[in-house]
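Here is the structure we will look at.
The values are calculated or read from the model by the stated rules, or taken from the named source; none is laboratory data. Fair warning: this is a prediction, and the values are worked out from it, not measured in the lab. Heads up, the Cβs are rebuilt from the backbone with ideal geometry, glycines too, and the neighbour counts pull from every protein chain shown. In case anyone asks, the SASA skips ligands and DNA or RNA and just uses the protein heavy atoms, side chains included. Shrake-Rupley method; radii C 1.70, N 1.55, O 1.52, S 1.80 Å.
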Amino acid sequence: METTTNKSDLKTDWIYSPAPESTDHIRINQRYDLFINGEFLLPEKEKYFETINPANEKKLADVAEADQADVNTAVTAARKAYENVWSKMDPAERGKYIYRIARLIQERAREFAVIETMDGGKPIRESRDIDIPLVSAHFFYYAGWADKLEYAFPGKQARSIGVAGQIIPWNFPLLMAAWKLAPALATGNTVVLKPAETTPLTAMKLAEIIQEADLPPGVVNIINGDGKTGRALVEHPGIDKIAFTGSTEVGKLIMKTVAGTGKRYTLELGGKAANIIFEDAAIDQAVEGIIDGIFFNQGHVCCAGSRLFVQESVAETVISKLKNRMETLIVGDPLDKNTDIGAINSKMQLDKIKMYVDIGLNEGGTVYQSSCKLPEKGYWHAPTLFTDVSQSHRIVQEEIFGPVLAVQTFRTVDEVITKANNTPYGLSGGVWTDKGAKIFKVSKAIRAGVLWANTFNKFDPSSPFGGYKESGMGREGGLEGLQPYVNLV
Ligand code: NAI
Ligand code: MG
């Protein structure tokens, strides 16, 4: 299992000149208020919190913190808009508004990408090529469904539910907002959205676009704050449905709170995906897939391929190539177009990742980290790989949510299926092999919502996403993503 690769053999000589994305065209206000009823309102208690750029710890803006009274104002606005306007509107008209939002985001894609990168720390290459294009694709996709619900649910009538409370995380801030908003709006519901406290800015930019698109006031309300604000939203009696993406811990709290209230809910929670490499796989492509699976977005991905299973006969080759490739990853300024790995989203998350690396070492794992130089200011973590770990290790069982990969080996198909399923999670997984039959066998046997074959981390608005077991309930995306927002009669 141990390989003989020496770090100095791996060091690349390639030097890239800095290629930072320009920030001249970006407008970030000093202060963002609550977006309620189509206007920006002062918070009741006039309390604000800072959002910073995790790559340099510089403050970007002050953001209004919504308390219970503000949550109530937002829910009341959403209710009024639901009853008087949005639920009564001709579905084709609703669709036009959603198309308009999609187009406006496309027009301002560059601005959105840069702000997403500044506020959250992800590389500009990802926010520019993945997040923002998927955001507008999502709005386009669900805009198309707005007046075709009778085809989505043949023989049934799809009725809207009412007011949705939507709580989202910091790993894909605007994309998660789109995943939540687009299907809710297309089906005739109104929304109170709460972004994550470390990444509120693109949602506030979206509020500007919603104003520009002339969406009727109160259809979308966006309020910020931490867990307290989230809890107030979940507990509010005027909410008919909760949609949440975040930690399994908070997901469980939400389930308890809504139990017996009649509120509907969907939860998209953690993951600990198995990425399985068979000996007959195209090894170089698989190595790229492993890299993408765990280091993409600093590993801040619920479907990250954080558990690698390599067939024993190719383990040495795969691990050696993996270490080699890790050495070439560029860690640094997220705004630089060459950067592969950006900043960790917050100090809290960085501390959590470091804690898990210590746990892995204490449990007897062997660690390998790429020898990249980390910037001094900001929150950073080098790409990290653990070998000599087994099923019972905490770094194999628990979600780390950072660039830390745990590697194990296997001999047979049945063995790897058992190992891959030995987790409380079941969000995603990957399988790499030349044999179609093996793909079908493994993907049927793994209890996870999404299985990628000979690729990883591919998303499309038409494809449903969601988990088994402690990874959550309900699906987002695709036709299935409409269901949580309708009553079928
Ligand atoms: P979190 O689950 O606390 O935060 C997610 C969202 O929920 C944020 O908007 C937050 O303000 C809100 N929230 C927090 N407490 C709440 C409550 N009691 N009621 C309602 N809303 C509440 O996640 P956090 O603290 O940012 O990260 C902790 C860990 O969770 C990460 O290390 C990672 O393992 C996991 N996580 C998983 C995500 C996923 O996409 N599955 C996304 C973010 C975090
Ligand atoms: Mg921030």
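Worth pointing out:
- Neighbours of ALA102 by Cβ distance under 14 Å: Lys/Arg scored +1, Asp/Glu scored -1, total +3.
- Seen from LEU134, the other residues with C-beta closer than 12 Å to its C-beta sum to a net charge of -3, counting Lys and Arg as +1 and Asp and Glu as -1.
- Tensor-based shape of region 266-374 (alpha-carbon gyration tensor, a/c under 1.5 rounded, otherwise prolate or oblate): rounded
- The alpha carbon centroids of region 192-238 and region 425-474 are separated by 31 Å.
- Our estimate of slack between LEU361 and LYS96, defined as 0.36 nm per intervening residue step minus the Cα-Cα distance, is 89.9 nm.
- Gained length - GLN30 relative to PHE153, 0.36 nm times residue gap less alpha-carbon distance: 39.7 nm
- Exposure of TYR265 as accessible area (Å², to 10), given a probe of 1.4 Å and all protein chains: 80 Å²
- With contacts taken as Cα pairs under 8 Å at a separation of at least 6 residues, region 166-314 carries a relative contact order of 20 percent.
- The figure for THR257 is an accessible area of roughly 50 square angstrom, using a 1.4 Å probe on the protein chains alone.
- Computed over protein heavy atoms with a 1.4 angstrom probe, the accessible surface ordering of ARG231, ARG79, largest first, is ARG231, ARG79.
- Distance between the 7 Å Cα→Cβ label points at ASN56 and LEU374: 2.0 nm.
- For the pair ILE15 and GLU235 in one chain, pulling the backbone fully straight at 0.36 nm per residue adds 73.9 nm over the alpha carbon distance.
- At most 14 other Cβ within 10 Å, DSSP loop - trypsin sites (Lys or Arg not before Pro), region 426-489: LYS435, LYS458
- Label point of THR257 set 7 angstrom out along Cα-Cβ; within region 169-185, amide nitrogens under 15 Å from it belong to 169.
- Separation of the GLU83 and ILE283 label points, Cα + 7 Å toward Cβ, nm: 6.8 nm
- Global form of region 274-453, assessed from the alpha-carbon gyration tensor, a/c cut-off 1.5: prolate
- Distance between the pseudo-spin-label points of THR23 and LYS354 (7 Å out from Cα toward the beta carbon): 2.4 nm.
- Whole-percent carbon and sulfur share, accessible surface of the chain, 1.4 Å: 50 percent
- Couplings 3J(HN,Hα) of region 187-201, computed from phi: 8, x, 9, 10, 9, 10, 9, 10, x, 6, 5, 8, 9, x, 6 Hz, in residue order, whole Hz [Karplus 6.51 cos²θ - 1.76 cosθ + 1.60, θ = phi - 60°; x for Gly and Pro].
- Accessible-area ranking of TRP145, TRP432, largest first, probe 1.4 Å: TRP145, TRP432
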